[in-house]
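The values are calculated or read from the model by the stated rules, or taken from the named source; none is laboratory data. Bear in mind that the values here come from a model prediction, so they are computed numbers and not experimental data. Positions of Cβ are backbone-derived with ideal geometry, glycine not excepted, and every protein chain shown enters the neighbour counts. Calculation scope for accessible area: heavy atoms of the full protein, side chains included, ligands and nucleic acids excluded. Shrake-Rupley method; radii C 1.70, N 1.55, O 1.52, S 1.80 Å.
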Amino acid sequence: MEYPIIKSLLIYMKIVIIIPAYNEEATISEVVKEALKHGDTIVVDDGSSDNTGILAKKAGAKVIKHEKNKGKGAALKTGVRSIINSGYDVIIFMDGDGQHDPKYIKPLASRINSAQIVIGSRFLGDISKMPLKRRFSNRITTYILKHLTGYHLTDSQSGFKAINANCAQMLLKIPYDDYIYESELICAAAAHNLIVDEIPITCNYDLEKSYIGIADLLKYMIFIARLLSLKIIEKIAGFLSTLRG
């Protein structure tokens, strides 16, 4: 159920949906068609070797193409860079593989009035069809980020989120170009004292593909180790400062 005040607020919100896509020709047309019902839609074709870009354009999206695969984070930043100073109020990130249901775009956007970032949490919805390895890795990562940032989140790795467009410059400054971008975004939000909220969503895992290899996992472990090290150094510095006082 949508409350009248939410409908009223959404009427005046200018929404842009940014979809990073790599070899998603099987799903991209339908994703774009549904996304366009809620706002302007940009597909960043991240070096696909199939017809992802062509089909996205035919479906009505603005398409920006990377000549080679640069990673999800790089694709998101390309999309954000293209809409700077375009007058949008809300930026929506969602995947192009059909996993995310565009019907959640408006509920996500409506929360931007009270938060700067709103995450679509799978763990607040039905996760019965989520692969076990995804549940396990996500819970560990979310637990670590909770203690590093102070945010009591349930799904730090969700790629479906709404962001206040005023945060666009912050999104561009995130240094990671791969899937670590999702975690670093949470850390950047904490560094800028942003309010982060969540709403429940459900996902479709039938056509899910994974491009994460061993090298990516090692890189992510290094990322987490760096964050933990910085947190430990911060606590030691605070303790020493207390002793001096």
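Remark: pairs (first residue in the range 96-118, in contact (Cβ under 8 Å) with a residue 40 or more places away in the chain and among the basic types (Lys, Arg); second residue crowded, with 22+ Cβ neighbours inside 10 Å and not in a helix (DSSP H, G or I); Cβ separation under 8 Å; 6+ apart in sequence or on different chains) = ARG111/VAL118; ARG111/ALA162. Screening the candidates ILE199, ILE233, ILE224, ILE212 for the property of being modelled with pLDDT under 85, of a type outside the set (D, E, K, R) and outside any helix (DSSP H, G or I) yields one hit, ILE212.
Within the range 108-120, if we keep just the residues that are assigned to a strand (DSSP E or B) and out of contact with any Cys (no Cβ under 9 Å at 6 or more places or on another chain), the residue that is surrounded by the most Cβ atoms within 10 Å (Cβ to Cβ) turns out to be ILE119. Can you name the residue in the range 168-185 that is touching a residue at least 12 places away in the same chain (Cβ under 8 Å) and in a loop (DSSP other than H, G, I, E, B) and, of all such residues, is most open to solvent (accessible area, probe 1.4 Å)? So the residue we want is ASP177.
Find the residue count for the range 127-167, including only residues that are within 15 Å of the chain's Cα centre (by Cα), in a helix (DSSP H, G or I) and free of Cβ contacts under 8 Å to residues at least 40 places away in the same chain. Count: 2.
Taking each residue of the range 21-35 that is aliphatic (A, V, I, L, M) and looking for partners that are open to solvent by less than 70 Å² (accessible area, probe 1.4 Å) and part of a helix (DSSP H, G or I) with beta-carbon atoms closer than 6 Å, six or more apart or interchain, yields ALA21/ILE28; ALA21/THR52; ILE28/THR52; ILE28/LEU55; ILE28/ALA56; VAL32/ALA56; VAL32/ALA59; ALA35/PRO102.
Note on the range 93-122: residues that are in contact with a Lys or Arg (Cβ under 8 Å, 6 or more places away or on another chain) and aromatic (Phe, Trp, Tyr) amount to 1.
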